[in-house]
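Step one of this worksheet: look at the structure below.
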Amino acid sequence: MIKYLLLGWELELYTIHEAHYIYCYLEYLFSWLKQSVIRAHEQCLSGEAFEKRLVKRNKNMKRKKLERNHQMVLQMAEIYQTISRAYVKAFEGFAIQGKLTSFLDRPFDSEVTRFTHRFAPFNIAIPMPLDTSSYPTLRYIIDHAEPGRETELFKESLHHFTNVKATLEKIPPQQSADHLAKVVKMNCVQLGLLVNGHNKDSLNPPILDFSICHNVPFLKIT
């Protein structure tokens, strides 16, 4: 499911106004992945403890060594979950500023309907699909936003990107992580500008630049 959604960016299947619920769903899926890895690891530890007891009883029995690479999987799931959350907050801020209004106010259009159709293939998948009742639409966020709310959302997004940047700096150098780190750093700079009111009055929608990393975009504001 995660690869299915990320591949949509590579194939240019999404429009800019879909980014919010795409990243909402990715945040949900990465959270589920983390929980699944933790449960699987706990099961492995339980089985390992049982095997130890068997070895003690039967000295001729050889104990198998378990490979422990779950920490890296957990770390990357945490990174991508936090990145997804950062984009969610950023796009909520863009919506309140009016940068996505031209997409949201089209006649005979419904954000809930688009959400339902986009994720229809997940209705027979595991985990349980994210229900529309759990998804805060951009229209709802705009209608209930208090003055200055967009700045708070950009600050939250910046906070998440900054946390990811700090985590990536601790990971051993590798090409994929280097590309990801570069995009995250650039987004930190961009969100810092947005917090300070950069292009606040512009109604141009943000541009998602995937030229550096194929599934994590740099946010361009014009």
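A few comments on the model shown:
- Residue match in segment 154-161 (condition: of a type outside the set (F, W, Y) and farther than 20 Å from A19 by Cα): no
- Scope segment 126-156; condition open to solvent by 30 Å² or more (accessible area, probe 1.4 Å), within 23 Å of L33 (Cα to Cα) and not charged (D, E, K, R); matching residues: I126, M128, P129, L130, T132, S133, S134, P136
- Looking across I83, I38, I16, one residue alone is at pLDDT 75 or above and surrounded by 21 or more Cβ atoms within 10 Å (Cβ to Cβ). It is I83.
To keep it simple, each residue is scored yes or no on (1) modelled with pLDDT under 95; (2) among the polar types (S, T, N, Q); (3) over 16 Å from E92 (Cα atoms); (4) in contact with a Leu (Cβ under 8 Å, 6 or more places away or on another chain).
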residue	(1), (2), (3), (4)
H160	no, no, no, no
T167	yes, yes, yes, no
D178	yes, no, yes, no
S202	yes, yes, no, no
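- Residue in segment 130-150 that is in a helix (DSSP H, G or I), at pLDDT 90 or above and in contact with an Asp or Glu (Cβ under 6 Å, 6 or more places away or on another chain) present: yes
- Among the residues of segment 157-177, those identified as open to solvent by less than 20 Å² (accessible area, probe 1.4 Å) and either over 20 Å from the mean Cα position of the chain (by Cα) or touching a residue at least 40 places away in the same chain (Cβ under 8 Å) (or both) are S157, F161, V164, L168, I171.
- Of the candidates E78, E92, E67, E27, the single residue that is exposed (fewer than 10 other Cβ atoms within 10 Å of the Cβ), of a type outside the set (S, T, Y) and either at pLDDT 85 or above or not in a helix (DSSP H, G or I) (or both) is E67.
- Hits in segment 178-198 (condition: among the polar types (S, T, N, Q), surrounded by 15 or more Cβ atoms within 10 Å (Cβ to Cβ) and free of Cβ contacts under 8 Å to residues at least 40 places away in the same chain): Q190
The values are calculated or read from the model by the stated rules, or taken from the named source; none is laboratory data. Computed from a predicted model, the values in this text were never measured in an experiment. Positions of Cβ are backbone-derived with ideal geometry, glycine not excepted, and every protein chain shown enters the neighbour counts. The protein model used for the area step is the full one, side chains on, heavy atoms only, and it has no ligands, DNA or RNA in it. Shrake-Rupley method; radii C 1.70, N 1.55, O 1.52, S 1.80 Å.
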